[in-house]
1. Based on DSSP H runs of at least 4 residues, each adding -39500 (n - 2.57), what is the mean residue ellipticity at 222 nm of chain B after dividing by all its residues, to the nearest 500 deg cm²/dmol?
2. Using 1/(1 + (r/R0)^6) with R0 = 22 angstrom and r between the beta carbons of B:Asn274 and B:Glu206, what's the FRET efficiency to the nearest 0.05?
3. Let me check I've understood the local charge: for B:Ala302, count other residues with C-beta under 14 angstrom from its C-beta, Lys and Arg +1, Asp and Glu -1. What total comes out?
4. Looking at segment B:31-80, which trypsin sites (Lys or Arg not before Pro) are in a loop (DSSP not H, G, I, E or B) and have at most 16 other Cβ atoms within 10 Å?
5. Label-point separation (nm) for B:Asp124 and B:Glu76, each offset 7 Å from Cα along Cα-to-Cβ?
6. Please go through segment B:227-312 and write out the GluC sites (Glu not before Pro) that DSSP classes as loop and that have at most 16 other C-beta atoms within 10 Å.
7. Could you sort out which of A:Lys146/B:Lys244; A:Lys115/B:Lys244; B:Lys209/B:Lys244 sit more than 21 Å apart by Cα distance in this structure?
8. Chains B and A: how much accessible area gets covered up at their contact, both sides added, probe 1.4 Å, in Å² to the nearest hundred?
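The values are calculated or read from the model by the stated rules, or taken from the named source; none is laboratory data. Since this is a predicted model, take the numbers as computed values, not measurements. Using ideal geometry, Cβ is built from the backbone for each residue, glycine included, and neighbour counts are taken over all protein chains shown. Accessible surface areas use protein heavy atoms only, side chains included; no ligands, DNA or RNA. Shrake-Rupley method; radii C 1.70, N 1.55, O 1.52, S 1.80 Å.
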Amino acid sequence: MKCDQCDQEATVHELRVTGGKRLERHLCESCARREGVAAQPPASVPELIEKFLHQAAKPPVQTAAGPACPRCGLAFAEFRETGLLGCPDCYQAFEAQLGPLLERSHEGGTHHVGKTPKRAGHASDPASAVAQERDDRAARIAALSKQLEQAVAGEHYERAAALRDELRRLGDPACPPPTSAPPAPPTGPTN
Amino acid sequence: MPPIRTDSEWLRGEGDATDVVVSSRVRLARNLANVPFVNRMSPAQRLNTLNTVRARVESLGLHMTWIDLHRAPLSERTLLVERHLISLQHARGRKPATGHAGTGQTPTRPAAEEPRAVAFTSPDERLSIMVHEEDHLRIQALRSGLDLAGAMAQADDADDRLEAGLTYAFGTRFGYLTACPTNVGTGLRLSVMLHLPSLRLTGNIERVKHAAGDMNLALRGFYGEGSEAAGDFYQLSNQTTFGKSEAVLLRELTGEIIPRVLDYERAARRSLLNRRRADLEDQVFRALGVLSRARLMTTEEAMRQLSLLRLGVVCGLFGAAPDARDRATRQPGDAESAHPDGSGSLDLATVNRLMLHVQPAHLQRVLGVEMDQDRRRAARATLLRDALAGV
Ligand SMILES: [Zn+2]
Ligand SMILES: [Zn+2]
């Protein structure tokens with residue numbers, strides 16, 4: 001279907017009923033935006049990441065290759081192009097770059113919280129595995145506590161209840177707010 | 001080829017809140033350790049993991065049908081997309097063109113016929129596993145109506161069973177490692193397909209879109225990423241997958257967000273029924289008129305008209321209203337609404353089934369012949385006329 005106002009394909013379709021009159025419009029994206037019919041939805045996460053990547057891609061033109069993953073050879077510049085990483089090890093290789101990026105696009109998330117595969121814990125050195133697990137749990141508890149504060153502040157009680165359950169499950173029955181964590185800027189959906 | 005099934009899970013019209021929620025879907029993204037992600041796999045690696053996963057899937061005893069998509073004809077793949085068993089991307093074998101399409105560099109993208117597959121439970125199609133889509137594994141569970149918790153439980157169980165014989169790529173900080181960082185952490189995408197005709201008719205759909213964006217949710221079209229909303233059907237899903245547990249993500253959607261959207265749509269329906277009933281009936285019965293009389297029909301128009309017909313059904317304009325319909329449209333103190341004279345009965349399952357059967361690949365499968373676009377338009381109109389003759 002063609003746009004009502006130009007020759008492009010219409011992708012925005014509007015049907016309105018005003019005073020018993022039916023008003024139908026078929027517009028292309030650009031005409032729709034000009035007409036204010038269907039303002040584009042707010043940027044999605046992929047769009048945000050893309051925007052971030054393009055911003056990040058601008059200044060260091062000279063470092064075309066940048067750091068590369070030792071396992072699969074993917075250069076960070078390639079990730080900027082495609083938005084896709086090359087192998088699981090890329091996460092370690094690019095941890096410094098990915099950390100802030102993920103924090104921005106996942107509502108302030110800094111550590112994984114949730115399901116863990118049963119087979120993932122089989123590290124070769126049991127002592128370091130235990131230490132790792134302890135650090136990991138501390139980080140999760142800190143992250144969850146932060147989210148809990150935000151949820152309560154934003155009066156999202158359903159979410160707060162779920163977070164509290166999660167904290168209890170991690171062996172933190174009192175759910176005390178972390179004293180060491182700096183006050184985080186509100187990044188949740190409350191603002 | 002298997003015979004056409006008419007009872008796909010998402011269109012049964014059963015379950016909770018079916019007046020607004022067509023179906024609920026849960027998807028888990030998983031990758032195998034020690035293998036590159038799909039976009040950087042060699043053909044030999046692809047065949048290797050395909051065989052590994054297939055052996056694992058077949059050992060689960062879940063009675064799953066396995067289809068090698070790289071060997072399947074396009075019509076078969078399109079059929080699977082229309083049934084929501086695979087993504088458009090998986091049917092095509094490549095990532096849909098996004099903002100960086102202009103670079104012209106696609107050597108790391110899979111070519112159209114790279115080894116990839118889908119497995120699904122038969123005949124209920126509630127559980128499916130895409131192999132070599134963007135990630136090595138995408139586990140999907142589907143339910144009619146609003147039942148994210150049920151879908152979550154099934155996907156989680158399938159994940160446990162698969163994992164017992166596979167080693168997943170997992171890191172303590174980033175969780176389940178995925179090809180695209182938008183899915184990392186839990187790898188969990190919860191989504192509901194919503195029918196929101198009244199919000200559009202009352203001019204409020206943009207508000208929902210903005211609200212969804214504010215809460216880091218995505219509102220997408222009928223076939224997910226890169227597709228348009230067809231006939232007022234939208235997929236609402238979480239964007240955040242990292243830093244929140246599965247339980248929290250589920251509670252946010254089912255406890256806070258979905259109830260609010262249901263309230264908005266139902267309030268808009270009540271407002272249409274109470275204040276603009278003649279307009280509403282006019283639109284619904286015009287749609288019925290077109291659907292039951294037209295001689296040529298595009299998929300797009302069919303979806304648009306069926307959407308209005310569905311609105312008529314859930315507003316009780318066709319025959320007796322089931323419970324969900326009552327909840328949707330009745331307020332305390334409302335008198336029982338009289339049905340418009342002469343209208344026959346029509347139920348949700350029928351409208352849902354027609355929504356599937358007017359899609360190009362299903363239409364050809366139902367009629368058993370391949371057709372060009374012009375002949376499909378005629379055949380689609382005939383199918384609709386026949387189905388709605390008694391209404
Ligand atoms: Zn235009
Ligand atoms: Zn790598």
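1. Details: 14 runs with 159 residues, N = 391.
One gets -12500 deg cm²/dmol as the mean residue ellipticity at 222 nm.
2. On the way: r = 23 Å, r/R0 = 1.04.
The value I calculate is 0.45.
3. Values: positive: B:Arg293, B:Arg295, B:Arg304, B:Arg310, B:Arg353, B:Arg376, B:Arg377, B:Arg380, B:Arg385; negative: B:Glu82, B:Asp232, B:Glu300, B:Glu301, B:Asp386.
Once all neighbours under 14 Å are counted, the net charge is +4.
4. Values: sites: B:Arg40, B:Arg46, B:Arg54, B:Arg56, B:Arg71, B:Arg77; in loops: B:Arg71.
Loop-located and lightly packed - B:Arg71.
5. Computed distance between label sites B:Asp124 and B:Glu76 equals 2.5 nm.
6. Values: sites: B:Glu228, B:Glu246, B:Glu252, B:Glu256, B:Glu265, B:Glu281, B:Glu300, B:Glu301; in loops: B:Glu228.
For GluC sites (Glu not before Pro) across segment B:227-312 that sit outside H, G, I, E and B with at most 16 neighbouring Cβ atoms in 10 Å, the list reads B:Glu228.
7. Numbers: A:Lys146/B:Lys244 11 Å; A:Lys115/B:Lys244 10 Å; B:Lys209/B:Lys244 23 Å.
From A:Lys146/B:Lys244; A:Lys115/B:Lys244; B:Lys209/B:Lys244, over 21 Å: B:Lys209/B:Lys244.
8. Working: alone 17390 and 13730 Å², together 24860 Å².
Summed over both sides, the interface buries about 6300 Å².
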